[in-house]
Amino acid sequence: MDHDLDKFPLLSYVLHQLDSNLHAPPSMAAQETLLPSFPLLSDPQVMSSLTQSIPTTITQTLFVFNSLGSRPDPLAVSSARSKIAQIMDSLSPEEAAKESEIYTGVVRLDEVHDSYEKKLKDIEEELSRVYATEVESLLRSGEEVNEEVVAVLKVAESGEIVERIDLSGQELKLLPEAFWKVVGLVYLNLSGNDLTVIPEAISKLKKLEELDVSSNSLESLPDSIGMLLNLRILNVNGNNLTALPESIAHCRSLVELDASYNNLTTLPTNIGYGLQNLERLSIQLNKLRYFPGSISEMYNLKYLDAHMNEIHGIPNSIGRLTKLEVLNLSSNFNNLMGVPDTITDLTNLRELDLSNNQIQAIPDSFYRLRKLEKLNLDENPLEIPSQKVAGQGAEAVREFMRKRWGEIMAEQQQRIGVEAERHGNETGWVYWGTSMVTNLVSGVTQTIGFGGASSDGGDKKPGDSYFYHQI
């Protein structure tokens, strides 16, 4: 087994490819850092050049290196050097040489270790240079896109500031490491390529405001994406993502996030706490089952599209997204069976699509959505309102629910009057007061449990409305 070759992961990888019986592969930890930095290691041309770059003396070098055993502890080496200096100052050269022999052995072993580690480090660096050369060669020998990449790098190397790069639809499989040194980038479009990985080095693009990596073959995003503090627009739709990194919550400047057409099963738990400036969130055509509770912290959200998922329920706190104008929860099919009453707190809502679900009734306070212009309730087993009323559009549904609410209030008042007559004035007034307090408490409970009252001072919740009518 090669001794401590995890310090040289590229060398370890190439040696294993050269002779898998003689050389073990790098550890999983080493591979996790290696492959994102060298994504084309599987290319035959690249690997051929790398194996040919291995010096013929590598076997002897590794044999000696493995024979050395563990490197002495740095403190022991430092102590040995001090002891040797003290001995040299106090004894004759002959006596000092004999007395310091054990300490000299420690120092010598450390120096031999250092010498052989330097040899291996030089080989590692040479392999990195060969890899970079071969990648550039692949880019140059390819089609027009590769010439465009090379042209961009030449402009950047000339000292000219490059702010916008569009390499969409060019069948790129990777970008050379030098690409991430174009630190003045503000706009980068890499959509419609064959990229399988975005390297951690993207964090060097500190000025980046818009990044489009849609329609690639990405299975993950780097954690370092959270270091793009100026990023305003991020488009990752049409990939193979199963999750977004928790670090994305650090992209606090984000205004638009499109993660649709992926395989997401969850969203980061803290996403709402960080992305409070987000205005558009597109997460349709995924496999999401629930929204994280923190989504209610996206106070500036105006557009939310979550259709074609597996959503089982909407958090009561959704009512806090009072700036929301467009909400699409359609086509969650057998999973979504209702929406909370607090959805009627979204008094700026203009478009609502709840079609293709299993909703039987909408909240009684639905009439509060006064700005609603487009409403789709198709393909639901609706009972309240009826399918006929629902098909007549937002205004008809709003009017139906307003009348229904009035009838509910009238029936409740009539019932209280009947109870008052039946029990006499005194007990009737006690019953009336008890009912009033009960409804007041109910209204407060709804306010606490479902995200608070409307921010525009409009109609209250059922319990509050009843208390108001009684007064």
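Does anyone have the angle between helix 394-449 and the longest principal axis of the chain? Alpha-carbon axes, 0 to 90°, nearest 10? Around 60 degrees separate the two axes. For the chain, the longest principal axis of the Cα atoms and the long axis of helix 9-18 meet at an angle of about 70 degrees.
Within straight-line reach of Lys98, meaning a Cα separation under 22 Å, sit the following lysines at least 8 residues removed in sequence or on another chain: Lys83.
With the cut-off at 28 Å, tell me which of the pairs Lys204/Lys323; Lys371/Lys403; Lys181/Lys302; Lys7/Lys181; Lys7/Lys204; Lys173/Lys207 have Cα atoms farther apart than that. Those over the limit are Lys204/Lys323; Lys181/Lys302. FRET efficiency for the Glu111 to Asn334 pair, using the beta carbon distance and R₀ = 60 Å, is estimated at 0.25.
Couplings 3J(HN,Hα) for region 338-345, derived from phi with the Karplus relation 6.51 cos²θ - 1.76 cosθ + 1.60 (θ = phi - 60°), are x, 10, x, 4, 5, 5, 7, 7 Hz, where x marks Gly and Pro. Average accessible surface for the chain: 51 Å² per residue, computed with a 1.4 Å probe over protein heavy atoms with every protein chain in place. Between the alpha-carbon centres of region 9-25 and region 386-422 there is a gap of 76 Å.
Farthest toward the positive end of the dipole of region 149-405, out of Leu346, Asn356, Ser282, is the Cα of Leu346, where the dipole comes from beta carbon charges about the Cα centre. Counting only Cα atoms, the size of region 5-142 along its three principal axes is 70, 31, 28 Å, in decreasing order. Against the main long axis of the alpha-carbon atoms of the chain, helix 28-37 sits at an angle near 80°.
Taking N as the residue count of region 149-405, its C-alpha radius of gyration divided by 2.2 N^0.38 Å amounts to 1.15. Between region 35-110 and region 167-210, the alpha-carbon centres lie 39 Å apart. Dipole check for the chain: with +1 at the C-beta of Lys and Arg, -1 at the C-beta of Asp and Glu, and the Cα centre as origin, the magnitude is about 1700 Debye. Please give me the summed charge of the neighbours of Leu221: other residues whose Cβ is under 12 Å from its Cβ, Lys and Arg +1, Asp and Glu -1. Combined, the nearby Lys, Arg, Asp and Glu give -4.
Over the C-alpha trace of region 286-354, radius of gyration and Dmax come out as 11.0, 30 angstrom.
Here the Karplus curve 6.51 cos²θ - 1.76 cosθ + 1.60, taken at θ = phi - 60°, turns the phi angles of region 108-119 into couplings of 5, 4, 5, 5, 5, 4, 4, 5, 6, 5, 5, 4 Hz, with x standing for Gly and Pro. Compactness of region 145-251 was expressed as the Cα radius of gyration divided by 2.2 N^0.38 Å, which yields 1.00. Taking only protein heavy atoms and a 1.4 Å probe, the accessible area of the chain is 51% carbon and sulfur. Of all aspartates and glutamates in the structure, the ones whose alpha carbon falls short of 13 Å from that of Lys388, not counting any fewer than 8 places away in one chain, are Asp378, Glu379. Once the mean of 1/r is taken over each pair of separate Cα atoms and inverted, the chain shows a Kirkwood hydrodynamic radius of 28.1 Å. The helix-based estimate of mean residue ellipticity at 222 nm for the chain, built from -39,500 (n - 2.57) per DSSP H run of four or more residues and divided by its residue count, is -13500 deg cm²/dmol to the nearest 500.
The values are calculated or read from the model by the stated rules, or taken from the named source; none is laboratory data. Since this is a predicted model, take the numbers as computed values, not measurements. All Cβ positions, glycine included, derive from the backbone under ideal geometry; neighbour counts span all protein chains shown. Protein only, heavy atoms only, side chains kept; ligands, DNA and RNA dropped before computing areas. Shrake-Rupley method; radii C 1.70, N 1.55, O 1.52, S 1.80 Å.
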